[in-house]
Every structure is written in C-alpha cells, then in structure tokens.
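What follows is calculated from the coordinates using simple rules that are stated; it is not laboratory data. These numbers were taken from a predicted model, which means no experiment stands behind them. We place every Cβ from the backbone using ideal geometry, glycine too, and count neighbours over all the protein chains shown.
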Amino acid sequence: MTIQIDSREKARAIKKIISEFDKQETTHFVSKLPCGDYCDLDNARFCIDRKQNLLEVCSNVCQQHKRFTEELKRANRLGIRLVFLIEHSPNIKSLEDVKSWVNPRLKESPLAVSGERLYKILSTMEKTYDTKFYFCSKSETGQRIIEILQEQKNKNG
C-alpha cells in the first residue's frame, strides 16, 4: 500500500501519523488531493478526511455547512467515496456514541449543537452523500488510516 497525504495537512499535526506509517513500513508521500487527506494509490476513488475532534466537525457541519457539503458533492461528482476519521477520545467509538457527547460550548451558549443533534446531522449526511464517520483517539490515527484503507482495498478485490 502507498498512501498519498494531502499537501494541506500540517506537518506538525501529522507527525505521529507519519511515525506510525514508518513503523508499519507503509510507503507514503505528500501531494495535493482533490478531496480528503489520505488515500491509497491503488484505490484513489476512496479518501479519508481527518478531523481533529467533534468540535471541528460541529464547526464544519454548522458554520461551514455549505463548504463542507460542497466537498462531499465534489467527491461524488469525481466518483470518490469520501469518509471521515474523527480523532476525539476513547469514549467515542461510533456514530451512535456521538448522541451522548456533551459539547463544551453548551456552557457558553444554549444554542450550541448538542451531541444528539450532531448525531442526527451526521446520520443524514451518511445517507445523503454515501459517506461514513469513523472515530479513534489521536494515538490510534495512523493505525486506523491504514486499517480503513486496507479494509476498502480488501472489499475491492
């Protein structure tokens, strides 16, 4: 497997991911991707977009909703399945777990998105845009990227 990393990923932010790729002797290089942050060169029609936590996802799907959905639409037009890997905590392992997430911004603003509401938004996006939301803790990101890309490779033969 050769993993292409989008050039817009910040080197400092992905240091541990690169370290995991190297540890597993997974070939990788940096180059601009049309969408997402990671893909396997053998299957460029499947990309992973990494999100640093649920607060970033909230910001993306609420304040930047148009830009976020445009990226999903662009991926669909290009025939690319774009999925998301959200680095949050060991407590959030699935989309179902998002329901119980307590947004820290609710303390400041009662209008902030609740875990229940975010769950509904993400569930709708999965159905509408043929995407999927995966979750991991930051320490597992590199491993999870490899696993998700490998699972997809195995599905495609």
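A few comments on the model shown:
- Condition check for Glu25: among the charged types (D, E, K, R) and either within 15 Å of the chain's Cα centre (by Cα) or assigned to a helix (DSSP H, G or I) (or both): no
- Unique residue being surrounded by fewer than 20 Cβ atoms within 10 Å (Cβ to Cβ) and closer than 18 Å to Thr128 by Cα when the list is Glu9, Glu56, Glu25, Glu70: Glu70
- Selection status of Ser109, farther than 23 Å from Gln152 by Cβ, exposed (fewer than 14 other Cβ atoms within 10 Å of the Cβ) and more than 17 Å from the chain's Cα centre (by Cα): yes
- Ser59 passes every criterion in (1) part of a helix (DSSP H, G or I); (2) touching a residue at least 12 places away in the same chain (Cβ under 8 Å) apart from (2).
- Wholly enclosed helices (runs of 4 or more DSSP H) of the range 76-156 bearing at least 1 residues among the polar types (S, T, N, Q): 115-129, 141-155
- Among the candidates Ile86, Ile80, Ile92, the residue that is within 25 Å of Gln4 (Cα to Cα), buried (at least 18 other Cβ atoms within 10 Å of the Cβ) and touching a helix residue (DSSP H, G or I) at 6+ places or on another chain (Cβ under 7 Å) is uniquely Ile86.
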